[in-house]
Amino acid sequence: MATELKVAWGPRKDNVYLGKEITRLDGVEKASGAAKYAADANPKGCLFAKVLSFKGGAGKVKSLDLSEALKVPGVKAVHAFVKEGDELQWDGALVAAVAAERQEQAEDGVRAIKFMFDAMEHFVDEDDLKGAEAAKRTKAPSERSKGDVDAALKSAAVVHKGHYGIATISHMCLETHGSCTRWEDGKLIVNHSTQNVSGTPANFVSELQKQHNISVDAADVTVLCQFVGGGFGSKFAADDWGVAAAKMSKEAGRPVRLMLDRATELKIAGTRPSGFVDVTIAADKDGKIVAWDSHHWGSNGGMKGGNFNVAQMPYVFGFDNLKVKGTGIMTNSGPDRAWRAPPHPQLCALTDTAIDDIAAKLGKSAVDVFLANIDKTPEKLQATYVAEIKRAAELIGWAKKWHPHGKGGDGDIKRGLGMALHTWGGRAHAGTCTVRINPDGSVESLSGTQDIGTGTRTAIAMVLAETFGITLDAVKVRYGSSVYPRSGPSGGSTTIGGVSGPNRRAAISALGKLFDVVAEKHKVDGNSLTAKGGKIWSGTKEICTWKAGCGLLGMMGIETTGEGPKDDGLTSEQVGGVQMADVSVDTKTGIVRINQFVAVQDCGLIVDLLTAKSQVYGGLIMGIAYSLTEEQILDNKTGRYINADLENYKLPRIGDIGELIVEMYQPDSEYERGVIGLGEPPVIACGAAISNAVANATGVRVPTIPLTAKRVSDALKAAKA
Amino acid sequence: MRSFEYARPETEAEALELLAEHGGNTAVLAGGTDLMNLLKRDVIQPARLVDIKHVSSWKGIKPQDGGVLIGANTTLDEINEHALSADYRSLIDVIEGIRAIQITANGTLAGDLCQLPHCWYFRNGYGLLAMQDGESLVATGDNRYHAILGNSGPAKFVSASRFAPPTIAWDAKVRLVTQAPSAGEGVATTSVKEEWLPLEYFFQTPKTNSQGVTVLKPGQLITHVWLPNASDTRSATYEVLELCGLDQPQASAACCLGIDGGIVRSAKIVLGHVAPTPWIAHEAAKWLVGQPLTADIAETAGRMALAKAMPLSHNDYKVQMAETAVKRALLKATNQLDEVL
């Protein structure tokens, strides 16, 4: 009788690896510099490309002459992204590229390009709705409503009107966007900095055909990416510069590496859109919110005029009486790309701040008001939210430290607390994999996934080691090549489910086949067999070692495939998460410092507790960045992205992070949910939690995030006036 | 970056000769911590970099004329660790505030004094004064980090030097050298022209893009900084830093105080990052003399120092910030500053 193994995760108490803190398998490679990124690719004969980008708010191409660039020593290929008459709609828009023997020769080539443009009108003030309307830069608003807002406002105990905002930020990957392309016997090979190994070959094929009339079969394109220095939602495509590199590579008959320079990266490699809102919010005397009336606007750049959907506001809470209006404005700024949890950080920053202000108006603690309204959150998350709020409050000492808004101390330095909560889906993406058991007992997993720094390789090894009862070093995880079985793009917190599900399924299938062989040899029932501790057991009786069992397989070993997602309980979706901040504000300089930042986060069954916590730490650090200092600054005068450098695009330093306290919410009920993605959630609530803490400290709402010294000082001064 | 010649002299005379060539279109490479940024962004285009790190006579700290002489090649870490520096508390305050090992290990005091403005229009290629079609981009654009004092002329950037406020407050002098005209026709020897200048006269507010932010002429450089005797003087610098790490101060103030019997007998207060040059608050310092240094007195001195502030459209917030820097520098110098962020 063939062995029939149930597809499921094992009992939690029996796990050797799952849920434990396992250091990532590629840590030493990364820390030592042995890990090779696309930016490190340097095949024999490689040319290095640099881009000429537009320096202005908006303009029309008058002339573009690359001939002088071609005369520069070392220059081997040039490429024009635009032609005469084309419009360039944002600072940093690509004009041309030059590939040369050395990087500085490519820069000389870029300087030799003759490029003229006629300036056009620009509009870049994303907060200025009236100005945008006057400049005809708005799209028709969308609206939705529910219940009777006007009646609810009349009967409410308190009504608060507020303005809130969150500025645009840029993707800031440590490894900028780019690729190293080469053609070998008509086949294209790309070392690409990507979150989408399996999906990018087809994108190269279609864009090469469309943009440059170059034909290549998808079967002849290989995309490679073993390591990527950050993506966060911005690295899914071949990108115009990657396609240009492939084109120049073909022309020059040489490999071409084109990585964007830092300024261009900030300007065109994707932004997280801005959001601003005017809110009227009302509550009864117990803090139950009875009405919400809001109008939000913002820009997603690229002259698209997009803005988040009215169905998404207010965030998480479905109040009974609602009016929501949203307007997109068109600004001359680089287009957006998905940025970690799009657009939840903005939604949360525009919702949970207003809830905090109504709590303050009632003289109540924000914790009490959030709890009073938990019945308006999705039903399946309510118990989780309550538990997480209580736990976060314990961890930060809310009951002891909390004071009403504006009672943060007598001196120049005021201290305060704030909270916010969030949700995210995190469902597994579609993915396949191959799992092999070799006759020598070694195990392999092959899939066209990628490890964007989150620990995918480690997680796959843990799943296989757990399933087969072997050690981690017996598992070889192969990924990062589009020749492997296709796996989904790493975005939206979908990868952990997207790889753990298929690998578990394939491994269980392979284990069943191995048990068939072992059972026959040792005359036992295959269904009585288990694999643990490097041995195969029938009940409590040791049958053979893992290696000896595998030795029965013959030369071919076992190869199985796994797919996902499936409704077998291995993965599921939707998490909550609660964050609380304790901050100090220097009211004389406007400087805000984080004292403590607490995150309590659920994510179903945790594969690697260490990398899960690392995700949350990373989310909090990114959150502190965009809450305090990180923003795109567009100069109204010139239309330029004026702070596109690492001096003025201010990211926090280690000292700015404060004490981070991360706790994974993991009762058995979470384990039973299966694996859920975690990448996005921890970055969502940071802005609102920190803004609320500053408001609690000072008694003044600083409307727009990030809470720079200037914004805090300006708000405090305005409040005094 | 563009190609350039690289020269590595070992003596003062060699260095000056190398700097004088190319019509003086040369740049001094000391720590290089900001020079590399300027080169990469193509803000400056020197034909030659003269690496002065190997001119041994420009290195080290030693007592001189009752004070201390610091060579231009002395790194910030070396200053921080030297016994003779300990009395110059206000300089140590700045070094401690840099919080970036790359800067403190390589950067030099003289290099900091010669830093070009960090104005984002300047660094984005609009020229030192950022004028376009006869109009100041700073005046009508995003001037949040720009000057609130001394900004009525075309220059509206802020002086970038972090050490100028404390060193000027100490009445420091700098040794400037340049190549002297050759002794006679056909004589290939070079001689050195030397002058000692009070540091407060080193900085200037340019009125055109071709004027510099200091009095340095092409081919000229600082070789030494001399600080007077530190005894009986209390000093401190307070920098307003948004980030707890490498960051440009948004305002700073340094002071040197002589206090006897609880009464201020002498005072000098210098602000940084508020004007195109380091800004000496003469009236506030004069007013302090003869008074006890209390928190209220310090606060008033801060207000007096900024009394003539003329904020631009987006930097009103810097006025209180700078007032606070003055107040806190005075309190810090007298050990009265409570814990701050």
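Read the figures in this text as sums done on the coordinates, not as results from a lab. Fair warning: this is a prediction, and the values are worked out from it, not measured in the lab. Glycine also receives a Cβ, built like all others from the backbone with ideal geometry; neighbour counts cover every protein chain displayed.
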How long is the gain from A:Ser142 to A:Asn42 if the chain were fully straight, where each residue apart is worth 0.36 nm and the alpha carbon distance is subtracted?
-> 31.0 nm
For peptide A:628-640, compute the average count of partner chain beta-carbon atoms within 10 Å of each residue's beta-carbon.
-> 4
Local net charge near B:Cys114, Cβ-Cβ under 13 Å (Lys/Arg +1, Asp/Glu -1) | 0
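If you add up the charges near A:Gly623, with Lys and Arg at +1 and Asp and Glu at -1, over every other residue whose beta carbon is less than 14 angstrom from its beta carbon, what do you get?
Net charge around A:Gly623: -3.
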Taking 0.36 nm per residue of separation and subtracting the Cα-Cα distance, what length does fully extending A:Glu520 through A:Lys154 add?
-> 123.9 nm
For segment B:27-101 versus segment A:373-450, the gap between their alpha-carbon centres in whole angstrom | 47 Å
Formal net charge of residues neighbouring B:Pro198 (Cβ-Cβ distance under 9 Å; K, R +1; D, E -1) = -1
In whole percent, what relative contact order does chain A give with Cα contacts below 8 Å and a gap of six or more residues?
-> 17 percent
May I ask you to sort B:Thr205, B:Thr214 by Cβ crowding, counting other Cβ atoms within 10 Å and putting the fewest first?
-> B:Thr205, B:Thr214
Among DSSP beta bridges lying fully in the protein assembly as shown, give the percent that are antiparallel, nearest 5.
-> 80 percent
When the dipole is taken about the Cα centre of the protein assembly as shown, and only Lys, Arg (+1) and Asp, Glu (-1) are charged at their Cβ, what size is it in debye, to the nearest 20?
-> 880 debye
What whole number of Å gives the distance from the Cα centroid of segment B:288-339 to the Cα centroid of segment A:189-240?
-> 57 Å
Part-to-part distance (alpha-carbon centres) for segment B:206-256 and segment A:527-556, which is given in Å = 74 Å
What angle do you read, to the nearest 10 degrees and between 0 and 90, between the alpha-carbon axis of helix B:89-98 and the longest principal axis of chain B?
-> 70 degrees
Enumerate the helices in chain A for which the Kyte-Doolittle hydropathy averages -1.0 or more and the C-alpha atoms extend at least 30 Å along the helix's axis, using complete DSSP H runs.
-> A:495-522
Reachable lysines from B:Lys217, Cα under 19 Å, same-chain residues fewer than 8 places away excluded?
-> B:Lys173, B:Lys193, B:Lys207
For segment A:332-470: lysine pairs with Cα atoms under 17 Å, gap of 8 or more or different chains, count?
-> 9
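Roughly how big is segment A:339-416's charge dipole about its Cα centre, with Cβ charges of +1 (Lys, Arg) and -1 (Asp, Glu), in debye to the nearest 20? Walk me through the intermediate numbers first.
Values: 12 positive and 10 negative charges, 32 e Å.
That gives a dipole near 160 debye.
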Other protein chain Cβ atoms within 10 Å, averaged over every residue that makes up A:171-178 | 0
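How shielded is B:240-251 by partner chains, expressed as the average number of their Cβ atoms within 10 Å of its Cβ atoms?
6
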State, to one decimal in nm, how far the label point of A:Ala219 lies from the label point of A:Glu379, with both points 7 Å from Cα in the Cβ direction.
-> 5.2 nm
Computed over chain B: longest principal axis from alpha-carbon atoms vs helix B:295-305 long axis, angle to nearest 10 degrees, is 50 degrees
Among A:Leu188, A:Ile413, A:Pro345 - extreme Cα towards positive end, dipole of chain A, charges at beta-carbon = A:Ile413
Straight distance only, please: which aspartates and glutamates reach the Cα of A:Lys476 with their own Cα at less than 20 Å, same-chain residues fewer than 8 apart left out?
-> A:Glu21, A:Asp26, A:Glu29, A:Asp440, A:Glu444, A:Asp451, A:Glu466, A:Glu559, A:Glu563, A:Asp608
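Under unit Cβ charges (Lys, Arg +1; Asp, Glu -1), what dipole magnitude, rounded to 20 debye, does segment B:1-127 have relative to its Cα centre?
Using only the charged Cβ atoms, the result is roughly 460 debye.
Can you compute the helix-only [θ] at 222 nm over the protein assembly as shown? Use -39500 (n - 2.57) per DSSP H run of at least 4 residues, normalise by all residues, nearest 500 deg cm²/dmol.
For the protein assembly as shown, the value works out to -8000 deg cm²/dmol.
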